[in-house]
Amino acid sequence: MDIDQNDSINEQIAKSLARETSAEEEAALMSWRQQASANEKHYQDLEKAFDAGDRYYQSQSKAELAIDLDKEWAHLQSRLMEAEEAPVRTLWSGQTLRIAAGILLVAISSFVVYWMNRDQSTVIVASAETRSLTLPDGSTVVLNRNSSLSYTGDFSEGVRSVTLTGEAFFEIVRNEQRPFQIQAQATTVEVLGTSFSVRAYQGEPEVAVTVQTGLVKFSSTESEVKLQAGERGVFTPATRKIAKAPNEDANFLSWKTHKIIFESTSLQAVVETLNRAYGSQIMISATVPATCAVTASFDQQSLEAVLAVLKSTLNLTYRIQGNKIEIIGAGC
Amino acid sequence: MAAKNLQAFETLFRQLFKPLCGFAMKYVRDLDEAKGIVHDVFIQLWEKFDQLPEDSNYRGYLFTAVRNRCLNHLRDRKKFSSLSDAPEGARIEENRSMEAAELEREIEVAINMLPERCRLVFEMNRQDGLSYIQVAEKLGISVKTVEAQMSKALALLRERLGEFLVLIIFMSS
């Protein structure tokens, strides 16, 4: 058989097996098969491959495995984090060594945590991923990307005090005897027990505290405000003043919850929200009209899925270069 | 360190974790063992995720890696159980059904190793029963391309299944 013909013959055979051929095509194929025994053999081989496919799809079990994908993903993420923190693992080869290294690592890290908690500093860093942690008093913290939290001791005496760079959401266990204090740049946030977020990235002009429940005292050397649920305090370093206002950003926790709501939100604000929620680097080129507004809500969607929706509703065009996405056109 | 695309990785994980567990179950017959194997394979993929080209055939890689790990796992288990006095009869399957099971697994690997577009076209036609025209419309490609992808799927399956094709006659006779 002619090699050049191979593709078109295979196409005819596939078509015939899938019952997509016309009567003429079928007749032509039949006469080709009868021309040489090698032709017939070729046909039969492909037919078997075809049957193999059908056999596979018929046997595909419809029964769903009892697997909780969210749980499995969380499990994998925690393993990934371990692996990234311990690059030494890649130096080992052989399963036994790997297991031994794993045990050693767990032993060392639990000892280190124990030892640090006695009265050394503990530093927790979230770099590429958000990270949840529980403090010695049972309070929980979710650290946003590129953020770190440090504290000394194990909170067994005095004020419970931590230092934050970056952004975090706190849920503080109530203890009236022992206020909980957060140092963030030139500000102090003090609470007895409540939930709120603090955003204090270096390189950003402000420090912002947004309260979800309870009461928070937010202070700098120059001013002090008390914030209640739904309120937001913003510290400006130049004046060292703190301004209080109702929180108008429905998405202030979207980096943690992955829930995003846009209501007639400008494209610029949409992009800022997405960058905060996903740690992405989306830019808008100057040629895109500033009047574009978006109304949409997303729950647990990937950045790709969100972009796909925006793309079709706003007729966006964008180009992706490495980690950066640049919006270069919009039909609004 | 170059930032790895965790989102792409998560999408891949969510899409393929269950099918891969189902596949691993065909070897190890235990969901927890299957899950452990699939987790290991994803960890292994993550370690080199930033070094692989973006259009890599991850699905094919994952299925092959799970298959290999399962085989190693069974080999280790066999070594282990031959040391103990496990009843022989319990492990012995009838020759024919073993071959059938092996064929089934090889086909699953072969199909999942097809290039993404090719696999999708084949699946839509053979699993979902869509005609060439319907496949073309759904994917926004020409019928000509569907024809080409279908023929490519067959040629690749034949190449990949090689000697197993003989078994297919045997099974269906």
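The values are calculated or read from the model by the stated rules, or taken from the named source; none is laboratory data. Fair warning: this is a prediction, and the values are worked out from it, not measured in the lab. Cβ sites come from the backbone with ideal geometry, for glycine too, and all protein chains shown count toward neighbours.
Looking at region B:6-31 only, could you name the residues that are away from chain A (no Cβ under 11 Å) and of a type outside the set (A, V, I, L, M)?
Result: B:Tyr27, B:Arg29, B:Asp30.
Filter region A:320-330 down to residues that are surrounded by fewer than 11 Cβ atoms within 10 Å (Cβ to Cβ) and either more than 21 Å from the chain's Cα centre (by Cα) or away from chain B (no Cβ under 12 Å) (or both), then give me how many there are.
Qualifying residue count for the region: 1.
Checking A:Glu224 against (1) closer than 25 Å to A:Phe169 by Cα; (2) modelled with pLDDT of 85 or more; (3) not aliphatic (A, V, I, L, M); (4) not assigned by TED's automatic domain parsing to the domain that holds A:Phe170, which single condition isn't satisfied?
A:Glu224 satisfies every listed condition except (4).
Residues that are under 29 Å from B:Glu104 (Cβ atoms) and among the polar types (S, T, N, Q): which helices (runs of 4 or more DSSP H) entirely in region A:4-82 hold 2 or more of them?
Correct list: A:6-17, A:37-59.
Give region A:34-84 a look and list any residue that's among the aliphatic types (A, V, I, L, M), surrounded by 13 or more Cβ atoms within 10 Å (Cβ to Cβ) and at pLDDT below 85, or say none.
The answer is A:Leu65, A:Leu80, A:Met81, A:Ala83.
Being within 12 Å of another protein chain (Cβ to nearest Cβ), in a helix (DSSP H, G or I) and either over 21 Å from B:Glu108 (Cα atoms) or of a type in the set (Phe, Trp, Tyr) (or both) is the filter here; which residues of region B:45-62 pass it?
B:Trp46, B:Glu47
Mind listing whichever residues of region A:277-299 are more than 11 Å from chain B (Cβ to nearest Cβ) and farther than 19 Å from A:Ser264 by Cβ?
Within region A:277-299, A:Ile282, A:Met283, A:Ser285, A:Ala286, A:Thr287, A:Asp299 meet the criteria.
Give me the pairs: first residue in region B:12-28 and without any contact (Cβ under 8 Å) to a residue 12 or more places away in the chain, second residue part of a helix (DSSP H, G or I) and surrounded by fewer than 20 Cβ atoms within 10 Å (Cβ to Cβ), beta-carbon distance under 8 Å, and six or more apart or on different chains, which are they?
B:Arg14/A:Leu69; B:Arg14/A:Trp73; B:Lys18/A:Leu69; B:Met25/B:Leu31
Kindly list the number of the only condition in (1) part of a loop (DSSP other than H, G, I, E, B); (2) farther than 19 Å from A:Leu164 by Cα; (3) aromatic (Phe, Trp, Tyr) that fails for A:Phe252.
All conditions are met except number (2).
So which residues in region B:121-143 are within 13 Å of A:Tyr57 (Cβ to Cβ) and either touching a residue at least 40 places away in the same chain (Cβ under 8 Å) or not basic (Lys, Arg) (or both)?
Once the filter is applied, which keeps residues that are within 13 Å of A:Tyr57 (Cβ to Cβ) and either touching a residue at least 40 places away in the same chain (Cβ under 8 Å) or not basic (Lys, Arg) (or both), region B:121-143 yields B:Phe122, B:Glu123, B:Met124, B:Asn125, B:Gln127, B:Asp128, B:Gly129, B:Leu130.
Of everything in region A:6-32, what is surrounded by fewer than 18 Cβ atoms within 10 Å (Cβ to Cβ) and more than 17 Å from B:Ala148 (Cβ to Cβ)? Give them in sequence order.
Of everything in region A:6-32, those that are surrounded by fewer than 18 Cβ atoms within 10 Å (Cβ to Cβ) and more than 17 Å from B:Ala148 (Cβ to Cβ) turn out to be A:Arg19, A:Ser22, A:Ala23, A:Glu24, A:Glu26, A:Ala27, A:Ala28, A:Met30, A:Ser31.
Can you give me the number of residues within region A:148-178 that are farther than 13 Å from A:Glu190 by Cβ and either polar (S, T, N, Q) or in contact with a His (Cβ under 9 Å, 6 or more places away or on another chain) (or both)?
The number of residues fulfilling the criteria is 7.
Any idea which of (1) surrounded by fewer than 18 Cβ atoms within 10 Å (Cβ to Cβ); (2) at pLDDT 85 or above is the one A:Asn251 doesn't satisfy?
Result: A:Asn251 passes all but (1).
Name every residue in region A:224-240 that is more than 12 Å from A:Val189 (Cα to Cα) and over 33 Å from the mean Cα position of the chain (by Cα), in order of residue number.
Of everything in region A:224-240, those that are more than 12 Å from A:Val189 (Cα to Cα) and over 33 Å from the mean Cα position of the chain (by Cα) turn out to be A:Ala238, A:Thr239, A:Arg240.
Output the number of the condition that A:Gln177 fails; it satisfies all remaining conditions of (1) within 23 Å of the chain's Cα centre (by Cα); (2) more than 24 Å from A:Glu248 (Cβ to Cβ); (3) at pLDDT below 85.
(1)
Which one is surrounded by the fewest Cβ atoms within 10 Å (Cβ to Cβ), of the residues in region A:270-311 that are outside any helix (DSSP H, G or I) and without any contact (Cβ under 8 Å) to a residue 24 or more places away in the chain?
Taking the candidates together, the pick is A:Ala286.
Got a number for residues in region B:114-150 being under 23 Å from the mean Cα position of the chain (by Cα), at negative phi and part of a loop (DSSP other than H, G, I, E, B)?
Number of matching residues: 5.
Residues checked against (1) under 22 Å from A:Asp299 (Cα atoms); (2) at pLDDT 90 or above; (3) outside any strand (DSSP E or B); (4) not charged (D, E, K, R):
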{"position": "A:Phe196", "(1), (2), (3), (4)": "yes, yes, no, yes"}
{"position": "A:Arg199", "(1), (2), (3), (4)": "no, yes, no, no"}
{"position": "A:Glu204", "(1), (2), (3), (4)": "no, no, yes, no"}
{"position": "A:Thr210", "(1), (2), (3), (4)": "yes, yes, no, yes"}
{"position": "A:Lys217", "(1), (2), (3), (4)": "no, yes, no, no"}
{"position": "A:Thr239", "(1), (2), (3), (4)": "no, no, yes, yes"}
{"position": "A:Ile242", "(1), (2), (3), (4)": "no, yes, no, yes"}
{"position": "A:Lys256", "(1), (2), (3), (4)": "yes, no, yes, no"}
{"position": "A:Gln268", "(1), (2), (3), (4)": "yes, no, yes, yes"}
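In region B:39-59, is there at least one residue being within 21 Å of B:Leu103 (Cβ to Cβ) and touching a residue at least 40 places away in the same chain (Cβ under 8 Å)?
Yes: one or more hits.
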